[in-house]
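So the structure is just underneath, and the comments pick up after that.
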Amino acid sequence: GTILQIVREHYLRDDIWCGSSICRKCAHQDNELILEKIPLSKNKIFPFPHYILLDTCVVLNQITVLEEDALCNVIILQTVLEEVKHRSSSVYKRLKDIIGNPNRKFYVFVNEHHKDTYVEREPGEKVNDRNDRAIRVSVAWYESHLMPNKGDRKKKDYVRVILLTDDAENKQKAENDGLLVATVGDYVRHVDNCPGLEDRLSQHNTTYELQAGGREPLFPSHLTPSQIHEGIKSGKLLQGSFLASRENFLEGQVSVEGQDKMVLVQGCVGLNRAVDGDIVAVKLLPKEEWSVPSHMVLQDEDDDSGDVLEEEDTLIKSRETQVEKLPTGHIVGIIRRKWRQYCGILQQNPIKGSVRHIFVPAEKKIPKVRIETRQADTLSNQRIVVTIDSWPRNSRYPLGHFVRALGKIGDKDTENEVLLLEHDVPHSKFSETVLSCLPKLPWIISEKDVQSRVDLRHVDICSVDPPGCTDIDDALHCMELENGNYEVGVHIADVSHFIRSGTAIDKEAALRATTVYLVDKRIDMVPELLSSNLCSLLGNEERFAFSCIWELTQEAEVVNTRFCKSIIRSRQAMTYEEAQMKIDDLTLQDNLSKSLRGLNSLAKILKKRRIENGALVLASPEIRFQVDSETLDPVEVETKKLRETNSMVEEFMLLANISVANKILEDFPECAMLRRHPKPPLSNFEPLVKAGRNLGFEINIESGKALALSLDNAVRPDNAFFNTMLRILATRCMMQAVYFASGMVQRDEFFHYGLAVPIYTHFTSPIRRYADIIVHRLLAVSIGADVTYPELLDKRKSQTLSHNLNYRNRMAQYAGRASVALHTHLFFRGKVQDEQGYVLYVRKNALQILIPKYGLEGTLYLSPHKAEKLNVTFVYNEEEQTQKCGDVSFRPFDPVTVQLSLDQSNLQHEKIIMKLVNPQV
Amino acid sequence: MAGMHLLSDQGLRLDGRRANELRQIRCKLGVFSQPDGSAYLEQGNTKVLAAVYGPHEIRGSRTKSLHDKALVNCQYSMATFSTGERKRRPRGDRKSQEMSMHLRQALQAAIRVEVYPRSQIDIFVEVLQADGGNYCACVNAATLAIMDAGIPMKEYMVACTASLGNGDVPLVDISHLEENSGGPNLTVAALPLSGQVALMEMSQRFHLDHLPKVVECALQGCRDIHQILDQAVRRHIEVSGAVGWGIRPQVKL
C-alpha cells in the first residue's frame, strides 16, 4: 500500500491561565477566574482548601457523582476532555453541561497547549501512559504554581491540588512523585453532609463477587474490538442494533443494516448481556440450528434467584419444524453500549440491612439491575432512576447505581414524570433566557405590520377544532367568485414571526420539536403566551397568519395558488360539532354557514379523488377520557367520533401542505424540508396477508391502491368489527413517515405512501410542530417576505435537524400512548367489568385481545401459569393459527367476551387482567 | 458534523492557535545565486521556494510579446514528497495549471509591468511541503523573490486564507487539517496598504451574513503578513546590502 505521512503543528502558548482567583501570576480576564480563592473543604481526609483534578477514567465512570452539586472547584484538563470526547459522546455532553454551570466552578485547563505542561510522547510509550503522565505533570505544575513565593504572606492560605484517579498504576506513580492523590471512592466516602453521594458511585471497578464464591462464569466472554472488526470485515460477523423482545426476556432480534430480515437471538447465552438498543456483533448459526420466535409470553419473574440461569431449554426449544425458520445467531460482542438512565422501582433484598438490592426497570425490554444503596427503606415505595455501569460475566444481572428518586409510586405526577423521562421528552419549565424572547404585552399591531401584510380582516374566516383546544393553528374561509369558481383560503398561525432563527426560544423549540399531548397534560413546544394566545387564531381577535389561497373550480380543480403573510380576524372558533350543526341546519344563511357548506362540498370531492388515487384509510383505536375536573382522574371513556367536518378540515390541510411542498421544493431544490412515507417492504405485510388468508380473504399488497381496494372488499357480515381489525393490522405493517431535507434523498423517494401523493410536507401546525416553522421560513423567503439565514440553506444541517424531529415525534407518539395506558389503569382501579373484545393474534400459550372500547390490548393466557392450575388444556395449531379446546376454538378476529380487572400485585406494572367469560370452556 | 468544532470552548484551534492568529512565518531572501531573485518562505509547515528570472527578452515565439508591458510567466509545482501521500506529477496537472494562472493574475496586478514592454518575467515556485494555504505561501514567497530581483512593484502582493469555525467565527490562515474538515475556505490575494483585492476564491458557498466578516478576517491576515514580510525585507537589505546593485555590504570581522 501507500505510505501516508502526517505532520502536524502544535503551538505551545504562554497565555493560558490557571483559572484560580488566588493566583497573582497569571494575567486573567475577570470572566476566566472560575476557581474560588479559598474553597471550603468538606472532606475529612483533606481538611484544607483544595482543588480537585480528575483522571479520565473518573469522568467516564463516575459522571453521575460529578453531576451532584457536592463536588466543586474542579480542574478538567484538556487531555481528559479530549479523551472523554473520544470515548463516549454522551458522557462528554454531560460533562460539558457541568462545565457550563457557573455554580459548579469547573475550569478547563488547556494543558496540551501550555508551554510548561505539554509532554511529548516518548518512544515506546503507550498513548494512555502518556496521557496519565500529562495529567501528573499538570498536577505538579498547579502545585508549584499555586505555592506562594517564599516569605509571601502567611503560609496557611494556599490551595493544594488533589488528583482523583481510579487507576492503580497512575495513583502509585503520582504518590511516588509526591502528589496528593486519592481514589474517587475514598474521597467521596469522606465528604460531609452528602449521604446520597456514595450510592451514586458507579460499580465499575468493584469486582462483583457472589456470596457462594468462585463459580463458572454464566456468559461467554465478548470478543475484543479488533476481533469484531476483523470478523465484520471478513463477513463472519454481522453488525446491527439489538432489539429486545417486549414479551419474552430471553429473546430478541438484531436488525442488521441492509438486510431485510432480522436476525433472531435466543437464550441467555445467545443474548450474551446485550441490552436493548446496543450495537452488537452477531455470529450466524449454521442453517440446521436456525429457529423460530417462540410465540411465548415470558417474563422474568424470579426474585433474585442468585446467579443461576434457569432450565431455559424447555422454554425455547421443542417446536415443530414445518414453519419457516429465521436466521438465528449468537451475540458475540458489543460494539457500542447504548445504556441510558432507566426509571423503575426497587425490589428490596429480603435480608434485612443488606445494601444490595435489585432494581426493576419500568421498560420490560431492560433487564433487572443490581444496585447498592443504603436508603432502601425510603426508596422502596418510590420511583427511582438508575444507570447501568457494567455487566460482568459471572453476574446474572448488570450492575448499576442509583441516580435519583422521582416520587411515590402510583402518584399521577410521578407516573407522568416517569413516562416523560422514559420517552426522553424535554419537559422542564422554559428558562429565563427563553422567556425573555417573548414579545412584550400588550401586543399591538403596528402600522408597519399592516403595510407589510395583506389585510384579510374583512374576510369571513373561522376555525374548526376539537373541543377545549387552545392552540388553534389553522382557520379557513371560502367564497364564491363571480366566475362561479370558489376562493378558498387556509390561514395558519404565523409562528415564525415571533420565533426568529438563532434566538434561545428557537433553539428550545428545535430541541423539543413537538408539543406532546398527554391525557391530562400538554407539554408545549413554545411558551404558553404564544401557543394559546398570540399565535393561536382565537375567535374575534386580530392575529398574524400565513395564508394559502386557491381558486378552485366547482370540481375542486386548482386554478391558481398564492401565498401571503396576512392579518386576519377569525369570526368564530368552532368545534367540529358546532360546525357540523351549522352545515346541517339549512335555515342558517349567513356567510359563515355558506362558506362552511362550500368547503364541505369541495372537501368531499377532494377526498374522493384522493382515495381513487390509492390513499389508505387506516384505523387505530383512539379514545378520549372524560377527566374529572378537580382530581383529574378519568371518569369515563369514549371513542373519538369522526364527523364530516373532521375530514373537511383535514382535506384542506392536506391540500395546503401539498401546495406548499411544491412551492418550496421549486425554490429550494436542495434544502426544502419535506415529509415522506416510504412504501413498506413486502415482508412487513406478512402478518396481514396471513391473517387475511386464514379467513378467506386475499389481501393484495402490490400497491397502495390495490391494498386499499382489498381492504375495502374484506367485509364479513357476521363480524362488523372485522374490517376495522384488518385495518388496525394494516396500520401496524406501515413504516413511519419521516421528515427529510430534499437534497439528501433521491427525487423518486419523496413519495408519501399513505396519502398517495408524490410530495408532501407539514405547514399547517407551526404552534405544535417545529418542522412547520422551518417550512414557514422557507416559504416566507420564497415569497420575498423574509430573509434566509445560513442554517436554513444547509442541507446537512436540515438533515440533522429532521433526524431530531423524527426522533422526538416518535417519542411523543409513544408517550401519548403510554399516557392513555396509564389512565386506563387508573380508570380500572377497583373496577371489574365484562367487555366485548376481539382476538388480534393467536400465540402459543396466549391470545392477544383487543378491546375496542378502551383501545386496550391485552394478553389472555391459555396455558397454566406456574403455580395455578387450569383444568383445560388448549392445543395450538401454528399452521392455522388456532387454539382449540374441545369444541371451542379461537381464530384471529373472533369475538370474545372477557372480564377486565386491574392486577395491582405488581407495583411497577399494574396490569389489566383478562379472564375469559364467553365462549365458555 | 464537518467544520463544526474547529474552535474549542476555550477559543483555541486544533493546533493551539486562536482564531485570529497566523501560523509562524519564517522567510529568507536571496537563497539562490543563479536566478535574478529568490526567496524561501515557511508558513507553519507549508514550505515553498520561489525563483525569479528577468525581465529578459521574450523566449520562444515572439508572438507572445506584448508591446506595452512585460509578460509575466508563472509556474507552480509541488515536489513529489510535499504531500502526505507521494505525488505522481510535480507539475503540469490541472490543479497546478490553475494555480499557475491564479499566481499570474495576482502578481501581474502588483508588478509594474508597463515599465518593461516587450519583455518577459519568469516566476517559478515550488512547494516543498504542503500543509494548507499553499497558494498563499506561493504568492508571499514570489513577492519576496520579485523584491530580491529588484523588479518594481506597486505594493507587496500578499495572500491569506480564512474560514469559518463553529459555524460563525472567522478563522485566519487555515492549516491543512482545517482545510479538510469540510468547511468553506476563502483565499484572498490583496495589496494590503491600498486594500485592493487582486484575487478572491471560495471553495464553497458562504452565506451572505458571514461573507463580510470572513473577507475582513482574510484581509486583516494579509495586513499582518505584510508587516512580517516587510520586516524580513528590511532586515535582508540591512544585512546583505543590495547585493548586485553596486553597493558592497560592509564586512565586519
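The values are calculated or read from the model by the stated rules, or taken from the named source; none is laboratory data. Here the structure is a predicted model, which means the values were calculated and not measured. Positions of Cβ are backbone-derived with ideal geometry, glycine not excepted, and every protein chain shown enters the neighbour counts. Side chains included, ligands, DNA and RNA excluded: accessible areas come from the protein's heavy atoms. Shrake-Rupley method; radii C 1.70, N 1.55, O 1.52, S 1.80 Å.
Odds and ends about this structure:
- If you go through the range A:65-81 and keep only what is away from every other protein chain (no Cβ under 14 Å) and either in a loop (DSSP other than H, G, I, E, B) or open to solvent by 10 Å² or more (accessible area, probe 1.4 Å) (or both), you end up with A:E67, A:E68, A:D69, A:A70, A:L71, A:C72, A:N73.
- Odd one out for A:T800 among (1) open to solvent by 10 Å² or more (accessible area, probe 1.4 Å); (2) outside any helix (DSSP H, G or I); (3) among the β-branched types (V, I, T): (2)
- Test: residue in the range A:476-494 that is open to solvent by less than 10 Å² (accessible area, probe 1.4 Å) and modelled with pLDDT under 90: no
- Each residue in the range A:7-37 was checked for being open to solvent by less than 70 Å² (accessible area, probe 1.4 Å) and without any contact (Cβ under 8 Å) to a residue 60 or more places away in the chain, and 10 of them qualify.
- A count restricted to the range A:743-763 and to residues that are of a type in the set (S, T, N, Q) and crowded, with 24+ Cβ neighbours inside 10 Å stands at 1.
- Any chance A:R810 is under 30 Å from A:C469 (Cβ atoms) and in a helix (DSSP H, G or I): yes
- The listed residues are A:L40, A:L4, A:L33, A:L81, and the only one of them that is out of contact with any Lys or Arg (no Cβ under 6 Å at 6 or more places or on another chain) and in the same structural domain as A:V191 (by the TED database) turns out to be A:L81.
- Where A:E447 falls short, out of the listed (1) out of contact with any Phe, Trp or Tyr (no Cβ under 9 Å at 6 or more places or on another chain); (2) more than 16 Å from A:F544 (Cβ to Cβ); (3) open to solvent by 40 Å² or more (accessible area, probe 1.4 Å): (2)
- Members of the range A:499-528 found to be open to solvent by 20 Å² or more (accessible area, probe 1.4 Å) and under 25 Å from A:S819 (Cα atoms), listed by number: A:E508, A:L511, A:Y517, A:V519, A:D520, A:K521, A:R522, A:D524, A:E528
- For A:Y814, the conditions (1) open to solvent by 70 Å² or more (accessible area, probe 1.4 Å); (2) in contact with a His (Cβ under 8 Å, 6 or more places away or on another chain); (3) within 14 Å of chain B (Cβ to nearest Cβ); (4) not small (G, A, S) all hold with the exception of (3).
- Options B:G11, B:G44, B:G37: the member that is open to solvent by less than 50 Å² (accessible area, probe 1.4 Å) and touching a Ser or Thr at 6+ places or on another chain (Cβ under 9 Å): B:G44
- Flag for A:S532 being surrounded by fewer than 19 Cβ atoms within 10 Å (Cβ to Cβ), of a type in the set (G, A, S) and in a helix (DSSP H, G or I): yes
- Considering A:I99, A:I162, A:I135, the condition of being touching a strand residue (DSSP E or B) at 6+ places or on another chain (Cβ under 8 Å), within 14 Å of chain B (Cβ to nearest Cβ), surrounded by 14 or more Cβ atoms within 10 Å (Cβ to Cβ) and under 27 Å from A:K25 (Cβ atoms) is satisfied by A:I99 alone.
- First in the range B:165-193 and away from every other protein chain (no Cβ under 11 Å), second anywhere and in a loop (DSSP other than H, G, I, E, B) and among the β-branched types (V, I, T), Cβ under 7 Å, 6 or more apart: B:N185/B:I174
- Within the range A:856-866, the only residue that satisfies the criterion of being farther than 13 Å from A:L900 by Cβ and modelled with pLDDT of 75 or more is A:Y861.
- Some residue of the range A:777-797 being at pLDDT 90 or above, surrounded by 22 or more Cβ atoms within 10 Å (Cβ to Cβ), over 20 Å from B:D209 (Cα atoms) and touching a Ser or Thr at 6+ places or on another chain (Cβ under 9 Å): no
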